Every structure is written in structure tokens, then in C-alpha cells.
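A.B. asks: One structure, as C-alpha cells, below. Some questions next.
Rule-based calculations on the coordinates, nothing more; no lab input. If you're wondering where the values come from, they're calculated on a predicted model, not measured in any experiment.
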Amino acid sequence: MQPGIASAFAEDPIPPLKLIDQPTLIIGGGRDLQMARLDFAALSAASPVAKTLWLPDMNHVLVDVTDDADNMAAYNQSERALTACWLIPSRLHPRRRRALIATKALLATTPRLQ
């Protein structure tokens, strides 16, 4: 995790993750500049019930990107389709579907910390 981002989080996510006994999905992206593959592996190892999904072209705002310029542009393109939009169950209540999509839009429009 980038040092500027890491300092914003006071709690280590590993201990609470170890306590979750419900099905959990941990998704990581190969073009994510804020969470390294090593962090993904640590989260995956911490949860005995977790399933993992590694998407090599997905970035931190959950969209596929082709290169570094596309990666940076994606942060300001909230209209881009989620890489893993198929993970949002179609049977999910419409309000919750909108909340998940709104979360993606919020992530895409949040200024990047240096």
C-alpha cells in the first residue's frame, strides 16, 4: 500500500478478517497502484473461508485498463463499466444495486492521495 494511503488507516485489516466466518470474496487487480499483490496475498491468507479473484487488468477503481495513462484517466471516468459488474447479483434489490454502482462512482471521483 502506498505510504500516504497506509498512514490514513489506523487499523490493520488482517486481525478482523480472521474473525469473519461468513463467505468472503477478496478481489485484487494487477493494475491497482494502491494495493500490491503482496497485500492481496496477505488478505487472502488471513481468511480461511475467503474465495479470491485476481483480475490482471483491473485497477483500484474496479475497471480494466490498458496502460498507465488509461489507469490514471479511469479515476475521473465514473461512467466506465465495472470490470467485475457480473459480481453484483441480478437478484439484489435495485436500491442495493444502485448503492454498489454509486460506490464505484464515488471511488472513481475521489481525489487520489499523493
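A.B. asks: I'd like the Karplus ³J(HN,Hα) series for segment 26-42: coefficients 6.51, -1.76, 1.60, θ = phi - 60°, whole numbers in Hz, and an x wherever there's a Gly or Pro.
C.D. replies: 10, 10, x, x, x, 10, 7, 7, 9, 10, 6, 4, 4, 5, 4, 5, 5
A.B. asks: Next question, about the same structure. From the phi of every residue in segment 59-67, what ³J(HN,Hα) in whole Hz does the Karplus formula 6.51 cos²θ - 1.76 cosθ + 1.60 yield, where θ is phi - 60° and glycine or proline is x?
C.D. replies: 9, 5, 9, 6, 10, 6, 10, 9, 7
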